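Below is one structure; the comments refer to it alone.
Nothing in this text is a laboratory measurement; each read-out follows from the coordinates by a stated rule. Note that the coordinates shown come from a computational prediction; the quantities given were computed from them, not determined experimentally. A quick note on method: Cβ atoms are made from the backbone with ideal geometry, for glycine too, and the neighbour counts reach across all protein chains shown.
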């Protein structure tokens with residue numbers, strides 16, 4: 001389909017979708033670079049081969065997975081113009097996103113309790129990479145939470161309905177991306193020690 005075809009509204013919607021996908025593509029490249037550096041660094045003498053991710057990271061992975069289902073629930077409710085269920089789905093997604101970030105910081109606390117810090121004499125290249133990857137991801141979850149708050153605000157202003165879902169869909173797509181990204185990062189970090 002020619003991107004120049006259609007009404008002005010259709011062109012605007014296509015351009016907004018394309019901008020989101022370009023942004024997601026650049027984020028994928030960013031995390032691919034971090035993962036590549038992680039893999040290359042495993043040859044260092046101070047690399048920890050027996051480090052286990054904290055339990056809080058497992059809980060946060062479960063929370064973010066559930067949040068993908070709650071936003072799907074909200075989107076389906078919007079398609080049916082069931083605004084009460086949209087509200088429930090959006091607020092649950094927001095709560096799960098906040099709980100995800102909370103559990104990430106609990107996980108950082110568990111790492112510190114294990115004797116490792118991000119920098120300084122008790123730091124380690126393995127742990128520093130885990131901190132860095134998690135913190136960069138948290139920054140994107142915060143961006144997703146901001147997008148959710150905007151969607152919730154617009155929802156309460158009755159901006160969305162089954163015929164007008166663009167802003168909702170863009171936020172939902174970004175939310176799914178950060179969810180899938182964390183699950184991929186978590187599985188990589190969890191199983192990496194078994195494949196080196």
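Relative to the longest principal axis of the Cα atoms of the chain, helix 83-113 runs at roughly 10 degrees. Comparing mean-square fluctuations of 40, 125, 142 from a GNM of the chain with C-alpha springs under 10 Å, the top value falls on 40.
Between the range 132-196 and the range 60-115, the alpha-carbon centres lie 9 Å apart.
Sequence-distant contacts, meaning Cα pairs under 8 Å at least 6 residues apart, place the relative contact order of the range 1-127 at 26 percent. Here are labelled values, (i) 41; (ii) 53; (iii) 34, and one is the computed percent of Cα pairs over 26 Å apart for what I pasted. Which one? Comparing each candidate, only (i) matches the computed number. Of all the options 109, 25, 120, the one that moves most in a Gaussian network model of the chain with Cα springs shorter than 10 angstrom is 120.
Between the helical axis of 55-79 and the longest alpha-carbon principal axis of the chain there is an angle of about 10 degrees. The listed peptides 184-193, 30-39, ordered by packing as a protection proxy, come out as 184-193, 30-39 (highest mean of other Cβ atoms within 10 Å first).
You can think of it this way: the chain between residue 158 and residue 187 has 6.5 nm of extra reach, that is 0.36 nm per residue less the Cα-Cα gap.
Gaussian network model of the chain, Cα springs within a sub-10 Å range: biggest mean-square fluctuation belongs to which of 15, 68, 128? Among 15, 68, 128, the largest GNM mean-square fluctuation belongs to 15.
Rounded to the nearest 10 degrees, the angle from helix 166-195 to the longest Cα principal axis of the chain is 20 degrees. Estimated from helices alone, the mean residue ellipticity of the chain at 222 nm is -28000 deg cm²/dmol (sum of -39500 (n - 2.57) over DSSP H runs with n ≥ 4, per residue).
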